[in-house]
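Only the coordinates and a few stated rules stand behind these numbers; no lab work does. Predicted, not measured: the structure shown is a model, and the values here were computed from it. So basically every Cβ, Gly included, is an ideal-geometry build from the backbone, and we count neighbours across all protein chains shown.
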Amino acid sequence: MVDTSLYAAFLVAAFALCVTPGPDMMFIVAVGARGGPLTGVTAAVGVACAMFVHAVAAALGLSALFLTLPTLYHVLRWAGAAYLLYLAVKAFRSGGGPVEADATADPGRRRAFWRGAVTNLLNPKVILFNVSFLPQFVNPELGHIREQFLVLGSTITVMGVFVDGSVGLLSGKLGALLARSRRVSRGLDHFSGTVFAGLAVRLATTPK
């Protein structure tokens, strides 16, 4: 179903992308540092699931709409920036309670999953990236174009879970270790809020 040589090249390129620090990884670090190891891993799973949704959209040709409808691109960009600012405000206004490793409540982990997913889904740059990146590793001569997209999307999703999940786990353990006092915990809230605000500004101000 896939070109083995292209797939091998894709594995190398995808791994390089996954281990390179970027907005998603910074988001996961911020969430894990404040919420604990399991919360960081859950946020990584949310981001990875959103990446798979992007791959499916690219396979169906939906992502290409952003190339022909600039207004749609900007609407989604501003929505994503607004959501990140909302998360920043919530982090700055947090009470700074202590973090306990692996003891985060289930609702907190569910929120981390959906926040990771929504943050990634509302980033039109990720959509455009999939439009330009994935087709390079699809061989039209083999047919089954959509299936090839899905194989590539599944691969980068699994890779993202392992790489970003490890980052979320480590940042969560470090955050739980540091958050022994309310002052340090409050500092982690400020760190998370600063990261979210910085990502919002980056998304709102960086052109295509």
In nanometres, what is the gap between the two model label sites at Trp114 and Ser154, each 7 Å from Cα along Cα-to-Cβ? 2.8 nm
How tilted is helix 4-19 with respect to the longest principal axis of the chain? Cα atoms for both, answer in degrees (0 to 90, nearest 10). 20 degrees
Quick one: Cα centre-to-centre distance for the stretch 115-129 and the stretch 2-67, in angstrom? 9 Å
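Mind ordering 34-41, 13-20 by average Cβ neighbours within 10 Å, highest first?
Working: 34-41: 27.5, 13-20: 14.6.
Result, highest mean Cβ count within 10 Å first: 34-41, 13-20.
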Taking θ = phi - 60°, what integer Hz values does the Karplus form 6.51 cos²θ - 1.76 cosθ + 1.60 yield along the stretch 196-206, in sequence order, with x for Gly and Pro? 4, 5, x, 5, 5, 5, 4, 5, 6, 9, 7
Give me the percent relative contact order of the chain, please, defined on Cα pairs under 8 angstrom at least 6 residues apart. 45 percent
Between helix 124-133 and the chain, what is the angle of the helix's C-alpha long axis to the longest principal axis, kept within 0 to 90° and rounded to the nearest 10? 40 degrees
Give the long-range amide H neighbours of Asp3: residues separated by 5 or more places, or on another chain, with amide H under 5 Å away, using H modelled in the peptide plane at 1.01 Å from N. Asn139
Just to check, using Stokes-Einstein with a Kirkwood Rh over alpha carbon pairs, what's the diffusion coefficient of the stretch 23-205 at 4 °C and 1.567 mPa s in µm²/s? 77 µm²/s
Cα long-axis angle, helix 37-60 against the chain (0 to 90 degrees, to the nearest 10): 20 degrees
